[in-house]
Amino acid sequence: MGQTILLEQAGLCTPPALQPPGGLVPSFCCGAPRTRRNHSPAFPGVADDTASPLAPSKTVPRCAPDSQGRAHSCGGSGCKPAAPCSSTAVPHPSVPGEAGLPIVLLAGPTGVGKTAFAVRLARLLETEIINADSMQVYRFMDIGTAKPGAEERSLVLHHLLDVVNPDEPFDAARYLDLAAPVIESLHGSGKIPVVVGGTGLYMKVLTRGICPAVPGDPAIREQLLCEEREKGLAALHAELLAVDPPSGQRIHPNDRQRVLRALEVFRHTGETLSGSQDRHRFARTLFRAVKIFLVRSREDVYQRIERRVDAMIAQGFVKEVAGLLEMGYGPNLRPMLSLGYKQIAAHLRGETSLDEAVCRIKRETRRYAKRQMTWFRADPEFQWFDAADEESILARIREELAKHKG
RNA sequence: GGAGAGGUUCCCGAGUGGCCAAAGGGAGCAGACUGUAAAUCUGUUGGCGAAGCCUUCGGAGGUUCGAACCCUCCCCUCUCCA
């Protein structure tokens, strides 16, 4: 096994009892998970017909006109193709919607074993993998993002990995712009793409499109930040409440990121974010998907996180972060503020010991895993499977795909 | 052996007679999420419940209408002196 291959995959092919070398849980780690009750993950099993990912969504028009009866603006492409309405508005040639080939979405909390299982699945389906992890799109960030290693990549072609530098802007819309054509191309050759990752929003956007609101505007953003410094966030929230009441009510006054975004949209376009979202509503289906969520018991996931972070350190995570900083990727860049990178950078600045950094990474990773479960729990189309039960998952996927062919 | 300080709800820590199931922080748990999403934010945290009731502030007694808070004894921890 290559060194860069992460523990994630170990659990899939070997009994959980087989611990990786050095997998001892360090006793220094504060806040070790206290699992009071036996969390038994929900396995909703097969979704009912209405919620079935493969059930055609009968009511949704492929490209609904907006309230004014005009086709919404897809960069002038007039909605002919079911193109994602994004900044660049790449018109996608096909109209997948409910008729085209499906995709397989493979999600799960960090460290359940998505990467390895995806490779297996992709080989069985003789297809390719599309990354749906918001951090693995960045170059030079390999160890800390648990990016698939050379071995995995040699077995199956991976897309959307290493597509931008850490100082380039990247967001859900850009993700859609890049991923949709890959899916279409794979569909063109009769393949069913396996989309793997833990970023719920990216998966949602990939299957349902994104609200055609404007992209972020640096000038307006700067102005807003300036006003925030002068008047405070509360004043900006008050303004939002006045200008876009639904958004103002929905967005908590402390949620700086969303308050700023909503105001940014309004100032840029004169249209409210809520209005735009109301028209969008994730109503269309861009790609039908078989949605699989891999789970393990809470204890299990936490233990795997523990081991995985230790393994990252052993593989040279600190060196990786130092290297990024040397390359000139500053500690305030978005990806450098992500899980792990942020804490290691703080350690390199001398703010914390390595032990402390590791401890924090583990804790933040546990929280992240929890948030992922919350996100995917909210989407009933995802069917939850015990990650160790590969056969059931494969059977289920085969069943769905067969149904589709028939 | 002597002197002093202290033992508070999962942890740290405030509280020094009623307004205390007990501030604040941490950790945990739950939730939200449409262009930063590995981000950002919210709620909650003794038990049972509708009010309300029950158990809790090292232990056992006591004072008081009433005690985490006052008194006595005991146990434990820390600091200093021998």
Q. Within region A:122-139, which residues are aliphatic (A, V, I, L, M), surrounded by fewer than 23 Cβ atoms within 10 Å (Cβ to Cβ) and over 19 Å from A:TYR175 (Cβ atoms)?
A. A:LEU124, A:LEU125
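Suppose we filter A:ARG288, A:ARG256 for residues that are away from RNA strand B (no atom under 11 Å from the Cβ), out of contact with any Lys or Arg (no Cβ under 9 Å at 6 or more places or on another chain) and touching a residue at least 12 places away in the same chain (Cβ under 8 Å); which single one remains? If you could, list the steps in order and put the result at the bottom.
Values: A:ARG256 fails: away from RNA strand B (no atom under 11 Å from the Cβ).
Only one candidate qualifies: A:ARG288.
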Q: Return yes when A:ARG398 is surrounded by fewer than 16 Cβ atoms within 10 Å (Cβ to Cβ), in a helix (DSSP H, G or I) and within 19 Å of the chain's Cα centre (by Cα) and no when it is not.
A: no
Q | Failed item in (1) touching a residue at least 60 places away in the same chain (Cβ under 8 Å); (2) more than 26 Å from A:SER338 (Cβ to Cβ); (3) within 14 Å of RNA strand B (Cβ to nearest atom), with A:SER247 passing the rest | A | (1)
Q: Count, please, the residues in region A:208-227 that happen to be modelled with pLDDT of 95 or more and more than 12 Å from RNA strand B (Cβ to nearest atom).
A: 3
Q.
Condition check: buried (at least 18 other Cβ atoms within 10 Å of the Cβ) and more than 14 Å from RNA strand B (Cβ to nearest atom). Does A:GLU230 satisfy that?
A. no
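Return yes when A:LEU294 is more than 13 Å from RNA strand B (Cβ to nearest atom) and crowded, with 17+ Cβ neighbours inside 10 Å and no when it is not.
It is true that A:LEU294 is more than 13 Å from RNA strand B (Cβ to nearest atom) and crowded, with 17+ Cβ neighbours inside 10 Å.
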Q. Pick from A:ALA346, A:ALA378: which is closer than 28 Å to A:ALA172 by Cα and more than 10 Å from RNA strand B (Cβ to nearest atom)?
A. A:ALA346
Q: Can you work out which of the residues in region A:193-210 that are of a type in the set (A, V, I, L, M, F, W, C) and buried (at least 21 other Cβ atoms within 10 Å of the Cβ) is farthest from A:LEU160 (Cα to Cα)?
A: A:ILE210
Q) Tell me, which residue of region A:349-374 that is of a type in the set (A, V, I, L, M) and touching a residue at least 24 places away in the same chain (Cβ under 8 Å) is nearest to RNA strand B (Cβ to nearest atom)? A) A:MET373
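The values are calculated or read from the model by the stated rules, or taken from the named source; none is laboratory data. Bear in mind that the values here come from a model prediction, so they are computed numbers and not experimental data. Note that each Cβ is placed from the backbone with ideal geometry, even for glycine, and that neighbours are counted across all protein chains shown.
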